[in-house]
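Before any comments, here is the structure.
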Amino acid sequence: MSQPDKSQTMTVDREIFGHLPDGTAIEAVRLRGDNGFEVRVITYGAALLSIFAPDRAGRLADVVLGRDDLAGYLAVRRFLGATVGRYANRIANAAFELDGERFQLPTNDGANALHGGLAGFDRKAWTITAIGQNPAPSVTLSYVSADGEEGYPGQLKTDITYRISDGTELSMEMVAVTDRPTIVNLTNHSFFNLRGVEAEGGILDHRVTIAADSYLPVSPAGIPLGAPQKVDATPFDFRTPHAVGARMRDADQQVQIRQGYDHNYCLPGGATGAPRFAARVEDPGSGRVLELWTNQPGVQFYSGNFLDGTVTGKYGRLHCQYDALCLEPQVYPNTPNRPDFPSARLDPGQTYRHISLYRFSVN
């Protein structure tokens, strides 16, 4: 995968990335910011293919996992950089009730439904509906999910706009409307390694801050067990910066059953109108820093526990355990079956709006 051209100004380019078996063209769009900062988006899964960010010496590196070509994405489903929906994370027993009607979903994670089902939004060809560079480089992708797709009620129209909202900031806005009461929980599932995915080494030394004082303990299957629990005096307290791997060997059942972190953090104030600070990741070696700001009520922190070395990604690198981490803004897992959690319901006439900012800097 070619490096960005630092001499380029803030621009947008598009090209063919590949073709689906039915001949549908999958496009790639490059959004260029300042100092070589570049984001590449593909229309398959509305996925972030690459994010090139400078280190403290100005050297660029790609900081998200992905595949070199479309064939790689089609062959193995790993949610690399993908848009996940209709419902990100897990729904217990792959079923929920809405207005007294029971909806059965396909099971694809044991007895549960995960990340939209057997062929969620990450397995769809999205359409570019807008592209431009004034006032900033941006692309909007759209997908219409039919009533009943993967068991979910209502036709859902979704638009996602990726924009270089500042020289080295990526903004993501997801908007959806429905013609029938339904549930919606969309997120981006990028796997970050701020050292650069081409370099040696994982993320256990990345220092993480999460602006939450409670999280959701889960069963071995990843389903929340009950109400949010305080992070105080646990390995889940990231209110001040800690290395990802610093407390993974602690005698904490929640860390052990998921082989690391794979839990939803409950952000204060629930869903908000405007994005607020949610998390920060710093790589001490390169100096790269990522801040996540979001209007969502939760963030799933996943430390790459189940990357198993069976998939070869960009630059010929195997994706192994703890090679990358995810910060997935979202509503809570299993919300449709938990009326005590922030609601994922969307009714006709309402607009679902998810805004997240990925701010890159150096220290």
(Q) Under 15 Å between alpha carbons, and skipping anything fewer than 8 positions from LYS230 in its own chain: which aspartates and glutamates qualify? (A) ASP213, ASP252
Q | Separation of the ALA246 and ARG353 label points, Cα + 7 Å toward Cβ, nm | A | 3.7
Q) Hey, what did the range 12-362 get for relative contact order, percent, Cα under 8 Å, at least 6 apart? A) 18
Q: Over the alpha-carbon set of the chain, divide Rg by the Kirkwood Rh and report the Rg/Rh ratio to two decimals.
A: 0.94
Q | Semi-axis lengths (Å, descending) of the ellipsoid that matches the C-alpha gyration tensor of the range 85-181 | A | 31, 15, 11
Q. Once Lys and Arg get +1 and Asp and Glu get -1 on their Cβ, which of ILE223, GLN133, LEU194 lies farthest toward the positive end of the dipole of the chain?
A. LEU194
Q: For every helix of n ≥ 4 consecutive DSSP H residues, a contribution of -39,500 (n - 2.57) applies; sum these over the chain, divide by its total residues, and give [θ] at 222 nm rounded to the nearest 500 deg cm²/dmol.
A: -500 deg cm²/dmol
Q: Provide the FRET efficiency to the nearest 0.05 for the LYS157-THR9 pair, computing r from the beta carbons and using R0 = 35 Å.
A: 0.55
(Q) Per 0.36 nm of contour for each residue apart, how much would the distance between LEU20 and ARG56 grow if the chain were fully extended, relative to their Cα-Cα spacing? (A) 9.0 nm
Q: Can you tell me the order of 194-206, 28-40 when each peptide is scored by its average per-residue count of other Cβ atoms within 10 angstrom, highest first?
A: 28-40, 194-206
Q: Principal axes first, then extents: for the Cα atoms of the range 216-363, list largest minus smallest coordinate on each axis, whole Å, largest first.
A: 47, 35, 32
**Q.** For the chain, with +1 on Lys and Arg beta carbons and -1 on Asp and Glu, the positive-most of VAL208, ILE26, ILE16 along the dipole
**A.** VAL208
Q) Comparing GLU328, GLU15, GLU150, which has the greatest mean-square fluctuation in the GNM of the chain with Cα pairs linked when under 10 Å apart? A) GLU15
Q | Only Lys, Arg (+1) and Asp, Glu (-1) charged, at Cβ; the range 12-362 dipole about Cα centre in debye | A | 260
Q | Extreme residue, positive dipole direction of the chain, given options ASN112, GLY154, TYR302 (C-beta unit charges) | A | TYR302
(Q) Please report the spacing between the Cα centers of the range 187-217 and the range 28-74 in Å, no decimals. (A) 17
Q: Would you list, by chain and number, the aspartates and glutamates whose Cα falls below 17 Å from the Cα of LYS157, excluding same-chain residues fewer than 8 positions away?
A: ASP122, ASP147, GLU149, GLU173, ASP179, ASP347
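Every number in this text was worked out from the coordinates using simple rules, so none of it is lab data. Small disclaimer: the values here were computed from a predicted structure and weren't measured. Backbone-built Cβ (ideal geometry, glycine too); neighbour counts: all protein chains shown.
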